[in-house]
Structures are given as structure tokens and as C-alpha cells.
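Engineer: Below you will find the structure I want to go over with you.
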Amino acid sequence: MRYIIIICCLLSLTAFSCSGQTDKVYVSVEQMPQYPGGDAEMMKYLGSNIKYPEVSEEEILNSRIIVRFVITSKGKIRNVEVKRSLSKVFDTHFIEVVESMPDWIPGKQNGKTVDCYYTLPMTICFQK
């Protein structure tokens with residue numbers, strides 16, 4: 001069975017976090033990391049790079065994926081991890097797409113660029 005998959009909601013792109021620090025990776029900073037060109041450019045990037053696999057009826061019900069990764073002080077993406085899975089096949093592909101993103105504008109704390117966690121939620125709407 002073939003499905004058309006539509007990105008329904010990619011609006012809450014900021015990190016879900018409170019202030020604090022873990023092994024010198026901040027979870028919240030004064031200036032959060034930003035995708036080059038902003039959220040609209042990130043949505044374009046994701047929309048043109050995500051290739052949707054065939055999915056089962058069960059997977060249709062679980063249409064939200066959440067990944068968390070570190071944006072380093074140099075703007076590199078590291079340690080991508082799935083916090084909420086859509087399916088193993090899609091998760092693997094989504095991680096590859098995130099890891100292939102261009103360098104980000106790093107977060108800043110006290111005027112210095114720092115490593116910072118970033119959480120990216122994505123909701124997918126499946127339609128027959």
C-alpha cells in the first residue's frame with residue numbers, strides 16, 4: 001500500500017529545555033543555535049532531503065519523530081539521537097538527513113560560542 005506523506009507541523013523548532021549544563025554541553029543558552037537562513041530554510045532542507053519509506057498501518061498512527069543532537073561551538077552536528085521513534089527505517093534515514101545538514105550558527109553563552117543541545121520535533125501526516 002502506498003501513502004503520500006506530508007510534513008504537517010514543523011513549527012516548534014526550538015530546543016525543549018531548561019537552563020543547565022551537562023559535561024559542558026548546554027541545554028539552554030542566551031542565544032540558541034540557528035540553522036543558516038532560519039527555520040524556513042531548515043524546513044526547505046528537510047522537505048527536499050527526506051525520502052519516505054513504505055510504512056505499515058501501525059506506523060501511520062505514530063507520526064511524530066523527535067531527535068536531539070548537539071550543535072558544537074563550531075556549528076557542527078554531533079550525537080544525533082532519536083528521542084521518539086517513528087519507525088526504525090525512517091529513524092535511520094532521518095538521522096542521516098540531520099547529520100548531513102550544513103553547519104549551523106552555534107549557540108552563545110556570555111558572548112562565547114558553546115556546545116548546545118538542540119531538539120527537533122517533526123510531525124508527519126500520512127494520507128492515502
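Engineer: Go through region 74-102 and give me each residue that's in contact (Cβ under 8 Å) with a residue 12 or more places away in the chain, exposed (fewer than 15 other Cβ atoms within 10 Å of the Cβ) and of a type in the set (V, I, T).
Structural biologist: Residue satisfying the conditions is V89 alone.
Engineer: While we're here: Between a first residue in region 32-45 that is in contact (Cβ under 8 Å) with a residue 24 or more places away in the chain and on the phi < 0 side of the Ramachandran plot and a second residue that is of a type in the set (S, T, Y) and surrounded by 13 or more Cβ atoms within 10 Å (Cβ to Cβ), which pairs have beta carbons less than 6 Å apart while being 6 or more apart in sequence or on different chains?
Structural biologist: These pairs meet every condition: P33/Y118; M42/Y35.
Engineer: If I go through region 103-126 residue by residue, how many of them are surrounded by fewer than 18 Cβ atoms within 10 Å (Cβ to Cβ), within 22 Å of T72 (Cα to Cα) and in contact with a Lys or Arg (Cβ under 9 Å, 6 or more places away or on another chain)?
Structural biologist: 2
We did not get these values from a lab; they are worked out from the coordinates using the rules stated. Computed from a prediction, not measured in an experiment: that's the story for all the values here. Because the Cβ atoms are built from the backbone with ideal geometry, glycine has one as well, and the counts that use them run over all protein chains shown.
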